[in-house]
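Asks: Structure in structure tokens, see below.
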Amino acid sequence: MPAQEQRFNNDLYLAIDQGGHASRAIVFNNCGEIIAQVHRHIGVKRYDDSFVEHDAEELLQSVQTAVEEVLDQLGDKAQRVAAAGLATQRSNVVCWNRQTGEALSLIISWQDVREHQWLKSLTPRAQKIHQKTGLFLSPHYGASKLRWCLHNIEAVKQAKEDKTLVMGPMASYLLYHLTDEQPLYADPGNASRTQLWDLIKKDWHPELLELFEIDSELLPQCVPSSYEFGTLKVANLSIPLQLCMGDQSAAMFAYGRIQPETAYINTGTGAFVSRPSGYAMLYGRRLLTSVIYQTKNQSQYVLEGTINGAGSALELVSKELQLDDTFENLKDWLHDTRNGHDDGFTQLYLNGVSGLGAPFWVADFQSRFVYDSTDAEKIVAVVESIIFLIRENIEEMLKLSSPPEQIQITGGLSVQNEICQRLADLTQLPVYRPVECEATARGIAYLLAGEPKAWPETEEGDWFKPQANPGLQNRFTKWHTIMLSTLRKNTGP
């Protein structure tokens with residue numbers, strides 16, 4: 001049954017959300033209520049400032065275990081699971097053997113920027129690449145990483161010679177292993193983040209494949225987000241897997257139909273700012289044009305800004321400062337530096353963790369604190385740097401669309417009231433935080449359920465109204481000035 005059709009009220013839906021630090025399997029009913037959920041932690045391998053990877057077998061096992069355990073929690077109710085969907089980190093890539101399924105590389109994370117130097121040789125092609133893909137020339141996307149694998153991993157070279165190599169989005173690798181049919185498919189959200197996918201033709205672009213030295217036969221087949229991907233077989237159950245998409249895309253559907261007057265922000269490892277453009281593709285000079293959901297007949301798009309260092313920036317700085325209790329103390333530290341006036345808190349953080357993303361796009365930007373201060377104030381400055389970058393992206397969006405009427409924020413950092421309030425104060429927009437912030441999984445379930453009208457409405461969450469906050473505004477102004485000055489020094493006259 002197609003995902004768009006309304007289902008019976010007693011059906012359940014399995015949402016698989018593979019994120020930067022955990023794999024989640026969550027079961028929803030037709031009214032958007034969580035019936036069962038399992039989270040399984042995954043490891044992250046970091047080497048210097050460029051290499052960020054996951055062990056492919058460990059990550060796959062975490063997904064499989066989460067699925068098995070959540071269905072086991074359901075008991076007899078598991079028979080009512082009508083469909084499953086998968087959402088993943090969009091720019092993660094991996095290489096594997098198409099015959100055995102064996103991973104031939106680690107999963108290279110979207111945060112990885114190992115090829116930023118080589119990509120500079122393509123700078124003359126940057127504008128054309130943006131026009132074809134909606135993306136900026138960036139090492140965060142998969143193409144340069146896949147090329148790196150072809151040049152640097154012996155097992156990948158051998159598999160190519162043996163004609164057993166397949167490579168592409170991590171989502172395709174998971175689809176291959178999770179479903180009985182072992183398909184080789186790539187959905188639009190994940191395929192597009194390879195920077196090899198044509199935004200107009202909805203398929204691999206021959207010129208881009210040649211540019212990155214990747215043969216089309218090495219890549220999965222491009223299909224819509226809503227598709228019969230295969231059969232998820234667990235114990236005695238056979239569940240059709242009918243949806244695959246990017247995690248940030250799914251999050252936008254968490255509370256029903258997308259509202260064009262809303263700016264959507266999802267926070268996790270990174271932070272992502274999206275402004276819906278409906279069925280129209282809008283191109284911004286410093287923003288991404290992203291397809292978020294494609295059926296057989298139509299596609300939906302957003303303008304998007306990406307902030308690479310959100311939760312990952314807090315983790316990295318905490319490690320550098322040798323702090324073990326950052327997240328336990330974050331609420332108090334934010335509260336202590338709250339101000340409606342300039343209370344003497346002046347620390348600023350230039351946040352280039354995993355590369356400076358939208359709207360500046362500097363892959364090798366060096367993060368740093370501007371002043372000397374306490375560890376707590378440094379952590380607060382990292383948080384505020386995320387808010388400052390969100391503000392920059394919203395301002396950039398205003399050049400192409402009308403001002404949003406409100407912001408909706410979800411994800412791990414949104415649980416902090418002070419973050420939501422600071423965001424409202426700095427943007428002067430009301431910020432809405434839903435009660436349940438498992439946005440990615442909820443969005444998957446909503447689409448699987450056929451976009452039911454009875455889905456939870458947004459009035460149930462918390463609203464943060466803008467307040468005067470001159471101290472925060474002054475810090476943003478200083479941060480903005482220093483950021484631009486630093487960028488000019490880095491790029492020269």
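Asks: Within a 10 angstrom radius of the beta carbon, how do Leu211, Leu165 rank from fewest other beta carbons to most?
Replies: Values: Leu211 17, Leu165 22.
Ascending Cβ contact count within 10 Å gives the list Leu211, Leu165.
Asks: If each residue of separation counts as 0.36 nm, what is the full-extension length gain between Tyr371 and Glu154 once their alpha-carbon separation is subtracted? Write down the numbers at each step before the final one.
Replies: Numbers: separation 217, 0.36 × 217 = 78.12 nm, distance 4.62 nm.
Taking Tyr371 through Glu154 to full extension adds about 73.5 nm, to one decimal.
Asks: Let me ask you something else. Give me a comma-separated list of calculated 3J(HN,Hα) values for the range 143-153, in order, Karplus coefficients 6.51, -1.76, 1.60 applied at θ = phi - 60°, integers in Hz, x for any Gly or Pro.
Replies: Those phi angles translate into 4, 5, 6, 5, 4, 4, 4, 4, 9, 10, 10 Hz.
Asks: Quick check: the distance between the Cα centres of the range 97-156 and the range 228-301, to the nearest angstrom?
Replies: Value for the Cα centre distance between the two parts: 22 Å.
Asks: If you don't mind, another one. Based only on other Cβ atoms within 10 Å, what is the fewest-to-most ordering of Asp364, Asp17, Asp162, Asp425?
Replies: Ascending Cβ contact count within 10 Å gives the list Asp162, Asp364, Asp425, Asp17.
Asks: So, counting K/R as plus one and D/E as minus one, what does the shell of residues with Cβ under 14 Å around Met397 add up to?
Replies: Values: positive: Arg275, Arg285, Arg286, Arg391, Lys399; negative: Glu261, Glu304, Glu392, Glu395, Glu396, Glu405.
Net of charged neighbours comes to -1.
Asks: Order of 177-190, 233-246 by packing, highest average Cβ count within 10 Å first?
Replies: 177-190, 233-246
Asks: Please go through the residue pairs Lys128/Lys163; Lys201/Lys399; Lys145/Lys331; Lys120/Lys157 and name each one whose alpha carbons sit more than 29 Å apart in this structure.
Replies: From Lys128/Lys163; Lys201/Lys399; Lys145/Lys331; Lys120/Lys157, over 29 Å: Lys128/Lys163; Lys145/Lys331.
Asks: Also, I was wondering about something else. Pull out the extension gain between Ala126 and Gln259, defined as 0.36 nm times the separation in residues minus the alpha carbon to alpha carbon distance; nm, one decimal.
Replies: That pair, Ala126 and Gln259, stretches by 44.7 nm at full extension.
Asks: Using label points projected 7 Å from each Cα along Cα→Cβ, tell me how many nm separate Ser402 and Asn297, to one decimal.
Replies: 2.7 nm
Asks: Under 28 Å Cα to Cα from Lys77, which lysines show up? Leave out anything in the same chain fewer than 8 places away.
Replies: By straight Cα distance, Lys77 reaches Lys233, Lys453.
Asks: Suppose R0 equals 56 Å; then what is the FRET efficiency for Gln467 and Thr164 from their Cβ-Cβ distance, rounded to the nearest 0.05?
Replies: E between Gln467 and Thr164, to the nearest 0.05, is 0.40.
Asks: Under a crude label model (7 Å from the Cα following the beta-carbon direction), how far is Trp118 from Gln428 in nanometres?
Replies: Label at Trp118, label at Gln428, 4.7 nm between them.
Asks: Could I ask something else about it? Relative contact order for the range 157-296: what percent, with Cα pairs under 8 Å and sequence separation of 6 or more? The partial results should precede the final answer.
Replies: On the way: 188 pairs, mean separation 32.8, N = 140.
Relative contact order comes out at 23 percent.
Asks: For the range 12-248, take the convex hull of the Cα atoms, compute a quarter of its surface area, and give me that in nm², please.
Replies: The Cα convex hull of the range 12-248, projected and averaged over all directions, gives 12.6 nm².
Asks: Can you list residues whose amide H is under 5 Å from Ala186's amide H, if they're 5+ apart or on another chain and H is modeled 1.01 Å from N?
Replies: Residues meeting the criterion, in which the H sits 1.01 Å from N, are Gln221, Cys222, Val223.
Asks: I want to check the label-to-label distance for Met281 and Lys77. Put each point 7 Å from Cα in the C-beta direction and report it in nm to one decimal.
Replies: In this crude label model, Met281 to Lys77 measures out at 4.3 nm.
Asks: Expressed as a rounded percentage, what relative contact order does the chain have, with Cα pairs under 8 Å and six or more residues apart?
Replies: 16 percent
Coordinate-derived values only; no laboratory data. No experiment lies behind these values; they were computed from the predicted model shown. For neighbour counting, all protein chains shown are included, and Cβ atoms are generated from backbone atoms with ideal geometry for every residue, glycine included.
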